[in-house]
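I have placed the structure first, in the form of structure tokens, so that the comments after it can refer back to it.
The values are calculated or read from the model by the stated rules, or taken from the named source; none is laboratory data. Everything quoted here is computed from the prediction, not taken from an experiment. Note that each Cβ is placed from the backbone with ideal geometry, even for glycine, and that neighbours are counted across all protein chains shown. Surface areas here come from the heavy atoms of the whole protein model, side chains and all, with no ligands, DNA or RNA. Shrake-Rupley method; radii C 1.70, N 1.55, O 1.52, S 1.80 Å.
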Amino acid sequence: YSMIIEPLSSYSSVKGVIELPYSKSIRARLLIINALNDKLLDIDEKDCRDIKILHAALKQILETKSGEVVTVDVQDSGTALRFLTAFCALRPGEFVITGTDRLCMRPIDPLVDALKHIGANINYTDKYGFAPLRIKGCKIKGTEVSISAIMSSQFVSALMLIAPVLPHGLVINMLGKPVSASYIKLTTYVLKQCGVDVQIVDRVITIPRSTFRLSNTLWYERDWSSAAVWYSMLSIIEDGSLVFNGLNNFSPQPDVQISSYFEQLGVKTLEHKQGVEIQYVGYEKPYLFFDCINNPDAIMPIAVAAAVKEIPFEIQGANTLSAKESNRTMALVSELAKCGYDVKSRVDSLRYIGGRFPMQENVTLNAYNDHRMAMSLALIGLRQKIVLDGQNSVVKSYPNFWKVFNSFCKISDINDIE
């Protein structure tokens, strides 16, 4: 489907209460920890597709009779692929883990090499370094491993989550400066909440064998990554305030950092009895600089807001964007160019010097079936009429996004959307 998004004729201010999805990062980690204890946490229809995929896969694995070869299809969920690769390595049985063509193009060899080093039995069924994987669960006896942390922090997190149930725990040496290091901190936080001692000194993580103390107090925390798009919207509309129920200013989630990024774009974050309130207060700097190495998901909504406001910017830390659900660097540059904004990309950064070229009439923007691209590009519709392709991808992280967005924008063809 395509959808048409156009500005409401006369909005001057935005007010409202936004319901965000639950934190995907926290829920994924808690699902794995509980499954290591043969427990499956309940999810509900408000959960995003990534969590539903991981939940269904764990249910399938936990219910497997011995002797069966189980094929687990994780669709487009990179989180499920990485976390389940480590999880299945320990479980009795034989598993084939596969997913969409795009998922099977995202490298997984650093994690597979590390698991094999400590005794896992994993083979590639097609191309070396990529899913599908064939895993024969076995007893893992290794006690120390080195892993490259420059491609994905989830490789490290996957090892951390299984470490407490290994016979002697695990020492993990991270090679290279970890990308998204804040997500490794989040895994540490969740493990500590579940009674596991985690020591990190320089780039060495030590986790002893432990018994999980299952506490799910974190289970209902809302998702900071999903708040970014509303911060961006408020920055573009330049008037009003929004309240997020169930969001926490002191969250262990890395994307809590969004609040300080968007301060540069004129949005202030306050505490609120229900959660968090944001207000538009204006900005002063003529040129913005962001370092998003720990928060790559925030880059798209930041870039769109700054470009639409024609504020020159530089965003560092974009080195992992090309290996996400789409090549986000390329997607951002090409789609913003259609709207007249000339954003230049380098290996690890994006730059925009301000101003605007004449743009195409009747712009059709492509979200490349990428949930975060779809939500970020939709924001351009607050200023000009656009057609958006690939909007259904938002179910991956934010199932009711369009319903909420529709109250701030005029969306046609909304009947086609769940």
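For segment 336-418, which whole-number percentage of the solvent-accessible area (1.4 Å probe, protein heavy atoms only) is attributable to carbon and sulfur atoms?
Here carbon and sulfur together make up 48 percent of the probe-accessible area.
Do you know the relative contact order of the chain, to the nearest whole percent, from alpha carbon pairs under 8 angstrom that are 6+ apart?
Here the relative contact order equals 18 percent.
Over the chain, give the accessible area per residue in Å² for a 1.4 Å probe, as an integer.
Values: 16890 Å² over 418 residues.
Per residue, the chain has an accessible area of 40 Å².
Within segment 302-374, list the chymotrypsin sites (Phe, Trp or Tyr not before Pro) lying in a DSSP loop whose Cβ has at most 10 other Cβ atoms in a 10 Å radius.
Passing both the DSSP loop test and the Cβ count: no residue.
Counting DSSP beta bridges in the chain, what percent are antiparallel, to the nearest 5?
Percent antiparallel among DSSP bridges in the chain is about 65.
On the accessible surface of segment 18-95, probed at 1.4 Å, how many percent belong to carbon and sulfur atoms? Numbers along the way, then the final one.
On the way: 1260 of 2780 Å².
C and S atoms contribute 46 percent here.
Which entries in the list Lys185/Lys324; Lys177/Lys338; Lys59/Lys136; Lys39/Lys273 go over 29 Å, if you measure between the two C-alpha atoms of each?
Checking Cα-Cα distances, Lys177/Lys338; Lys39/Lys273 exceed 29 Å.
Restricting to DSSP loop positions (anything but H, G, I, E, B) with no more than 16 other Cβ atoms inside 10 Å of their own Cβ, which GluC sites (Glu not before Pro) remain in segment 264-303? Walk me through the intermediate numbers first.
Numbers: sites: Glu271, Glu277, Glu284; in loops: Glu284.
For GluC sites (Glu not before Pro) across segment 264-303 that sit outside H, G, I, E and B with at most 16 neighbouring Cβ atoms in 10 Å, the list reads Glu284.
Give the shape of segment 53-109 as rounded, prolate or oblate, defined through the alpha-carbon gyration tensor: a ≥ b ≥ c are the square roots of its eigenvalues, a/c under 1.5 means rounded, and otherwise the shape is prolate if a/b is larger than b/c and oblate if not. Display every interim value, and only then the final one.
Numbers: a/c = 1.96, a/b = 1.73, b/c = 1.13.
It is prolate, given that a/c is not under 1.5 and a/b is the larger ratio.
I'm spelling it out carefully: the read-out is percent of Cα pairs over 26 Å apart, the candidates are [x] 58; [y] 68; [z] 54, and one was derived from this structure. Which label?
Read-out from the structure maps to [z].
In whole Å, how far is the Cα centre of segment 224-293 from that of segment 320-393?
21 Å
Which of Met375, Cys409, Phe313 sits farthest toward the positive end of the charge dipole of segment 307-418, with +1 on the Cβ of Lys and Arg and -1 on the Cβ of Asp and Glu?
It is Phe313.
Segment 23-79: which trypsin sites (Lys or Arg not before Pro) are DSSP loop and have at most 14 other beta-carbon atoms within 10 angstrom?
For trypsin sites (Lys or Arg not before Pro) across segment 23-79 that sit outside H, G, I, E and B with at most 14 neighbouring Cβ atoms in 10 Å, the list reads Lys39, Lys46, Lys65.
As a test question: what accessible area, to the nearest 10 Å², does Trp224 have when a 1.4 Å probe is rolled over all protein chains in place?
For Trp224, the solvent-accessible surface is approximately 0 Å².
Share of segment 245-287's accessible area from carbon and sulfur, percent, 1.4 Å? Numbers along the way, then the final one.
On the way: 1060 of 2270 Å².
Carbon-and-sulfur percentage of accessible area, whole number: 47.
If you place +1 on the Cβ of every Lys and Arg, -1 on the Cβ of every Asp and Glu, and leave all else neutral, what size is the dipole of segment 278-383 about its Cα centre, to the nearest 20 Debye? Working shown, then result.
Numbers: 11 positive and 11 negative charges, 23 e Å.
In total the dipole reaches around 120 debye.
Rounded, prolate or oblate: which one fits segment 188-236, using the alpha carbon gyration tensor with axes a ≥ b ≥ c (rounded when a/c is under 1.5, else prolate when a/b beats b/c, else oblate)?
oblate
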